[in-house]
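Worksheet: one structure, shown below.
Since every read-out is calculated from the coordinates, none of them should be taken as a lab result. Quick caveat: nothing in here was measured; it's all calculated off a predicted structure. Positions of Cβ are generated from backbone atoms using ideal geometry, with glycine treated the same way; all protein chains shown enter the neighbour counts.
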Amino acid sequence: DSGVTQTPKHLITATGQRVTLRCSPRSGDLSVYWYQQSLDQGLQFLIQYYNGEERAKGNILERFSAQQFPDLHSELNLSSLELGDSALYFCASSGDTLGTYGYTFGSGTRLTVV
Amino acid sequence: GENVEQHPSTLSVQEGDSAVIKCTYSDSASNYFPWYKQELGKRPQLIIDIRSNVGEKKDQRIAVTLNKTAKHFSLHITETQPEDSAVYFCAASERYGGSQGNLIFGKGTKLSVKP
């Protein structure tokens, strides 16, 4: 157990639907990062939050949004889902305020859009 | 922003041989370079990292070297074992607004170690 908890582990939904992925960081970590990993693809950075504030944005689609709550857990919302959104979504957390030290990844949520 | 290129995309070696994976980065201000190992269906796990004030770091059979001038860094695995088979990702920290931010990853190298 890495200390980063992601739920659900698996999610199957239809095109056009909306889903929410949840991430609880390691105790004490203030930064949360979301990554998308498609089949045979690398880790695409989506968005970073630090202590409730958005810190950086990567290649995140407008149909996707995220937030970090006062208890530091984070949610990634994916709407108007398309087949191409099927992927493994990882959350990671970091204990360093500037994110310069190694992340700890959660086990991921596998999203399948049918 | 930062861009990380990783080569090769696949690497097959015999057990006991060495494996080398190379990465280049674009942002000369990046100063943190971790390597992650991801087994099939599992989360990426940090195996070694290096900071820009160090040229080389070793941990048992794994070593990483950094050439800041050329903006490239490499992972070296010696005496490879079948359990080393996995996808390896390099990464570099991205800077913005004068501070370090998120990690940008290379596309990964699938290492296969044949018994």
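For a distance above 20 Å, tell me the whole-number percent of Cα pairs in chain B that qualify. Walk me through the numbers on the way to the answer.
Numbers: 2443 of 6555 pairs.
Pairs farther apart than 20 Å: 37 percent.
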Subject >> When region A:43-99 is reduced to its Cα atoms, the Kirkwood hydrodynamic radius in Å >> reply: 12.4 Å
Original post:
Residue-wise, which Karplus ³J(HN,Hα) couplings in Hz belong to region B:25-42, taking 6.51 cos²θ - 1.76 cosθ + 1.60, θ = phi - 60°, and x for glycine or proline?
Top reply: 10, 9, 8, 5, 7, 4, 9, 9, 9, x, 10, 10, 10, 10, 7, 3, x, 10
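Give me a single rounded figure for A:43-52: the average over its residues of other chain Cβ atoms within 10 Å of their Cβ.
Working: counts 11, 3, 9, 1, 1, 4, 0, 1, 0, 0.
Going residue by residue through A:43-52 and averaging, the value is 3.
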Original post:
Taking H as built 1.01 Å from N, whose amide H comes closer than 5 Å to the amide H of B:S112, not counting residues under 5 places away?
Top reply: B:L11, B:S12, B:V13
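Taking each residue in B:84-94, count the Cβ atoms of any other chain within 10 Å of its Cβ, then average. What number comes out?
Working: counts 0, 0, 0, 2, 0, 3, 0, 5, 0, 4, 5.
Mean shielding count: 2.
Strictly greater than 25 Å: what percent of every Cα pair in chain A meets that? Each step should come with its number before you reach the end.
Values: 946 of 6441 pairs.
That fraction is 15 percent.
What is the extension gain from A:E54 to A:T7, computed as 0.36 nm multiplied by their sequence separation minus the C-alpha to C-alpha distance, in nm to one decimal? Mind dumping the intermediate values first?
Details: separation 47, 0.36 × 47 = 16.92 nm, distance 2.11 nm.
Additional length available on full extension: 14.8 nm.
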Original post:
What is the distance, in nm, between label points placed 7 Å from the Cα along the Cα-to-Cβ direction at B:E79 and at B:E39?
Top reply: 2.0 nm
Original post:
Restricting to the protein assembly as shown, what percent of DSSP beta bridges are antiparallel, rounded to 5?
Top reply: 90 percent
Subject >> Most to least packed among A:48-56, B:61-69 [average Cβ atoms within 10 Å] >> reply: A:48-56, B:61-69
Subject >> Cross-link pairs beyond the 21 Å C-alpha cut-off, checked among B:K37/B:K110; B:K71/B:K114; B:K37/B:K114 >> reply: B:K71/B:K114
Original post:
List the aspartates and glutamates whose alpha-carbon lies under 20 Å from that of B:K22, not counting same-chain residues fewer than 8 positions away?
Top reply: A:D40, B:E2, B:E5, B:E39, B:D49, B:E56, B:D59, B:E79, B:D84, B:E94
Original post:
When a footprinting reagent is the concern and you count Cβ atoms within 10 Å, what order do B:F89, B:F105, A:F69, A:F64 take, fewest first?
Top reply: A:F69, A:F64, B:F105, B:F89
**OP:** Name the long-range amide H neighbours of A:L30: under 5 Å, sequence gap of 5 or more, or other chain; modelled H, no Pro or chain starts.
**Re:** A:S94
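Per residue of B:102-111, how many C-beta atoms from partner chains lie within 10 Å of its own C-beta, taken as a mean? Each step should come with its number before you reach the end.
Details: counts 16, 11, 5, 6, 2, 5, 5, 0, 1, 0.
Mean inter-chain Cβ contacts per residue within 10 Å come to 5.
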Original post:
From largest to smallest, what semi-axes in whole angstrom does the protein assembly as shown give when each is the square root of 5 times an eigenvalue of its alpha carbon gyration tensor?
Top reply: 29, 21, 15
